[in-house]
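S.K.: This structure is in structure tokens; I'll ask about it shortly.
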Amino acid sequence: MDNNEVNLNGSGEQKSAPKPLRKLVKVNRENRDTFQQYPPVNEEYHGRYEAPPQQEYHGKHEAHAGEYHAQHEASPQYAGRYAAENGGGYYDDYDYEEEYSNKRFSFKDFIVKTLAVVTSLAIIAALVVNVPIFADKKTGGNISLINLIKTAQPMAKEGLLNKENVTLNIDTEKVEEDYNDGLDLPQLIEGQYSILFLGFDEDEFNSDVMWIVQFDIGHGEMNILQIPRDCCLPDYTSSPSRKFNSVYSMGDYSVNPPIQRVVNAVQENFGIPIDAYITTACFDIVRMVDIVGGIPIHLDNEIIYEADKIIPAGDVTLTGEQAEWFIRFRNEWLQGDIGRMQNQRRFMSAAMMKLFDIVENEGRLKLYSYIKQIKDEELIYTDLSIGDMSKIADFASTLDMDNVRVNMVPGEDATFYAEDGEEYAVYSVHKAETIALLNEYYRPYQTAMTPYDTSIVELVLDHQYDVYDDTNMTFEELETATEPLRDPDKKPSWKVD
């Protein structure tokens, strides 16, 4: 063992000599600056990133001076997530009776979530009903569910009209080819929409009321043409009297449905293209009037329909039954059926005012509910869809009463000598005067009608009177119109003034 070796284990085992120290490097001018970054020999070394002298290092993200309580600690003392407010300790079991409605259940959150679900379902439903996935029998294409419902014709019990061979004679100088009236109706002529209205008697065999209701959408007007039930159309019915009211039941039997027979007669005699029809019976009018709450009207004198069916004079609101008596009453009128038609005008005007009142005071939704109820109870038959009825009702409710007028087919009373040898009292049409009337009011977008464009047959060529050649009245005038003339000799014998 060398003198320089030490036996650390107290044994005689020898250890290898330690490695010599690294040779010191002499500091010269070139490397002197390198050592200047280190502290002098007599100063304590703290490392490159040491905190400033006299401060204790607490880490990069240390909290400010004070006791550390963790990032999400409650203040002042943590007592658990559901600790009571003043208890001071941690509770494993939550007090549901006192705190559930305030902590676990939020009515506001429930409403928000419910609305979110409902809104999502509504959006999905809207997408489904608007996707064109249903076959449209009319066009051969596809149609959405919502349009399928709108265009459905659930009340078309009379059948659908044939509109393929209708003579239109559109005047291109009055209306351009791409004209659009904005109402989006299935029209034969853009700008107008014409409805044939028939009201049947108790037996539903002959039609007592025959109106053509034409909506002139382009000009914001409505024109109603009354056709007398006794109007003689020799070529359109097999009835011995050849009266218009028998065309439906005794017209050309090769033409079906029966409503088509009446439509053909109207189009070929009066040159008005018919877009749709409405039929009803006198007893159905009773129910419809009751549904809307009656029709207010002023009567100059009482009306005695029968001994036990009397409508008093003055301002009255006609019930359904009284409305039927009113529009069918004819016994005392000096002009018989013509007097009844004049009285029916007053009823139409009063019914129109009722429509305005419903829209103004009850709202359009209420009007639609009345239409739906009439549809559900099948009080009318019509090929109008629910959507089309709503559009027409909307348009009618915007009309000024001065822009709604009613006319009657010009003519006079005559005698028809039938093949069976009988004589029938009928109404003979004045052809030239009727053509002039039609051109002025009922053909706003068609070329002028000529005598060659109509099938009208005159029974009386040498006219005896022209009382009915101009019966034009607006609904504004009808509001103050008096009743038709009465025949004193037709007063009931038991009636005492």
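S.K.: Identify all residues within the stretch 373-402 that are under 14 Å from F356 (Cα atoms) and of a type in the set (F, W, Y); write none if there are none.
M.R.: If the condition is that a residue be under 14 Å from F356 (Cα atoms) and of a type in the set (F, W, Y), then F395 is the only one that fits.
S.K.: E177 fails exactly one of the following numbered conditions: (1) in contact with a Leu (Cβ under 8 Å, 6 or more places away or on another chain); (2) over 24 Å from P258 (Cα atoms). What is the number of that condition?
M.R.: Unmet condition: (1).
S.K.: Given the criteria at pLDDT 95 or above, surrounded by 15 or more Cβ atoms within 10 Å (Cβ to Cβ) and either touching a strand residue (DSSP E or B) at 6+ places or on another chain (Cβ under 6 Å) or of a type in the set (A, V, I, L, M) (or both), does M449 qualify? If you could, list the steps in order and put the result at the bottom.
M.R.: Values: at pLDDT 95 or above: yes; surrounded by 15 or more Cβ atoms within 10 Å (Cβ to Cβ): yes; either touching a strand residue (DSSP E or B) at 6+ places or on another chain (Cβ under 6 Å) or of a type in the set (A, V, I, L, M) (or both): yes.
It is true that M449 is at pLDDT 95 or above, surrounded by 15 or more Cβ atoms within 10 Å (Cβ to Cβ) and either touching a strand residue (DSSP E or B) at 6+ places or on another chain (Cβ under 6 Å) or of a type in the set (A, V, I, L, M) (or both).
S.K.: Another question, if that's okay. If you go through the stretch 404-425 one residue at a time, do you hit one that is crowded, with 19+ Cβ neighbours inside 10 Å, more than 28 Å from Y441 (Cα to Cα) and not acidic (D, E)?
M.R.: So far as the stretch 404-425 goes, yes, one or more of its residues are crowded, with 19+ Cβ neighbours inside 10 Å, more than 28 Å from Y441 (Cα to Cα) and not acidic (D, E).
S.K.: Only one of R346, R330 is in contact (Cβ under 8 Å) with a residue 60 or more places away in the chain and surrounded by 16 or more Cβ atoms within 10 Å (Cβ to Cβ). Can you tell me which? Break it down into steps so the answer makes sense when it comes.
M.R.: Values: R330 fails: in contact (Cβ under 8 Å) with a residue 60 or more places away in the chain.
None of the other options fit; the residue is R346.
S.K.: Considering every residue within the stretch 280-290, establish whether at least one is at negative phi, among the hydroxyl-bearing types (S, T, Y) and either modelled with pLDDT of 95 or more or touching a Pro at 6+ places or on another chain (Cβ under 7 Å) (or both).
M.R.: no
S.K.: For the subset of the stretch 262-292 comprising residues that are under 28 Å from the mean Cα position of the chain (by Cα) and without any contact (Cβ under 8 Å) to a residue 40 or more places away in the chain, which member is farthest from M353 (Cα to Cα)?
M.R.: Here the residue is V286.
Quick grid of which residues meet (1) of a type in the set (D, E, K, R); (2) over 38 Å from the mean Cα position of the chain (by Cα); (3) part of a loop (DSSP other than H, G, I, E, B):
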position	(1), (2), (3)
L437	no, no, no
Y465	no, yes, yes
D469	yes, yes, yes
E477	yes, no, no
W494	no, yes, yes
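S.K.: Another one. If K309 satisfies all but one of (1) in contact (Cβ under 8 Å) with a residue 12 or more places away in the chain; (2) closer than 20 Å to T482 by Cβ; (3) over 33 Å from the mean Cα position of the chain (by Cα), what's the number of the condition it fails?
M.R.: Of the numbered conditions (1) in contact (Cβ under 8 Å) with a residue 12 or more places away in the chain; (2) closer than 20 Å to T482 by Cβ; (3) over 33 Å from the mean Cα position of the chain (by Cα), the odd one out for K309 is (2).
The values are calculated or read from the model by the stated rules, or taken from the named source; none is laboratory data. Computed from a prediction, not measured in an experiment: that's the story for all the values here. Don't worry about glycine lacking a Cβ; one is built from the backbone with ideal geometry, like all the others, and counts go over all protein chains shown.
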